[in-house]
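Chemist: One structure follows; several queries about it will come next.
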Amino acid sequence: MKKIAPKKQWESADFEKAFIPGLAIDSVIFGFHDNKMMVLLLQYKNTNHFALPGGFIYKDEHVNEAAKRILQDRTSLTNIYLEQFYLFGDHNRQDDSMETIMKARGMKPMKSHFLLKRFVSVGFYALVDYTKAIPTKDEMSDDCGWYDINKIPPMIQDHKKIIQKALDTLRGDFNKKLIGFKLLADRFTMSELQHLYETILGVKYRRTSFQRMILNQQILKQVDIKKTGAAHKAPYLYTFKKEK
């Protein structure tokens, strides 16, 4: 059963007692569609602050389940590839951004408020088709939306570093764990696969070099020819070998 936090939760003592103190989750939710790479961010008006979607872990909740809950709350998606990638615990990662955000919402937090204390954050990243997600803000934010990975706005605390660390990890995992195939249709062309690789990895491949690299991995099965109706030769369609 999904747990419901109390009303006016950020000012409730019961809210603070429900969660593991000093521990949070920051989710880097990457979106891909039509050869565009985006990241999901929360925006706080009257502050010019942006932040990653995050949350806290109930005292009787597994960390991975908390990450799935937060992901579903922000995107309405389930069964998404989600990877824990790093623990962020620098002693100076806190700043006055949260106090500014709370004051902008009419709150008058005391210095002892739990949101103003030091947090260690567990980083997770997800990779989704952003056209299938429904971005949803939380109680503290005013907006939740997709931003170009190359045009990240000013971020609170160390969130920009968290995004870069997640992106580096995603790119390292991309070939090793074959994550990208979750973003393709069941049948796809070599060109569509190449565009996916180039967008996620931020590199350009020669068509012949890319095709040779992929086919040498023996992870694809040729299944059909794409019907285009054009006079030129139609491209082959491939599918991912499930046993791989």
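Chemist: Which of the residues that make up the stretch 95-110 are under 25 Å from the mean Cα position of the chain (by Cα), surrounded by fewer than 16 Cβ atoms within 10 Å (Cβ to Cβ) and either on the phi > 0 side of the Ramachandran plot or in contact (Cβ under 8 Å) with a residue 60 or more places away in the chain (or both)?
Modeler: Listed by number, the list holds a single entry, 95.
Chemist: What residue, among those in the stretch 145-171 that are of a type outside the set (Gly, Ala, Ser) and part of a strand (DSSP E or B), is nearest to residue 76 (Cα to Cα)?
Modeler: Ranking the candidates gives 146 first.
Chemist: Within the stretch 179-188, identify whether any single residue is in contact with a strand residue (DSSP E or B) (Cβ under 8 Å, 6 or more places away or on another chain), more than 30 Å from residue 17 (Cβ to Cβ), acidic (Asp, Glu) and assigned to a helix (DSSP H, G or I), and answer yes or no.
Modeler: No, the stretch 179-188 contains no residue that is in contact with a strand residue (DSSP E or B) (Cβ under 8 Å, 6 or more places away or on another chain), more than 30 Å from residue 17 (Cβ to Cβ), acidic (Asp, Glu) and assigned to a helix (DSSP H, G or I).
Every number in this text was worked out from the coordinates using simple rules, so none of it is lab data. Remember, it's a predicted structure, so these values are computed and weren't measured experimentally. Virtual Cβ from ideal backbone geometry, glycine too; neighbours counted across all protein chains shown.
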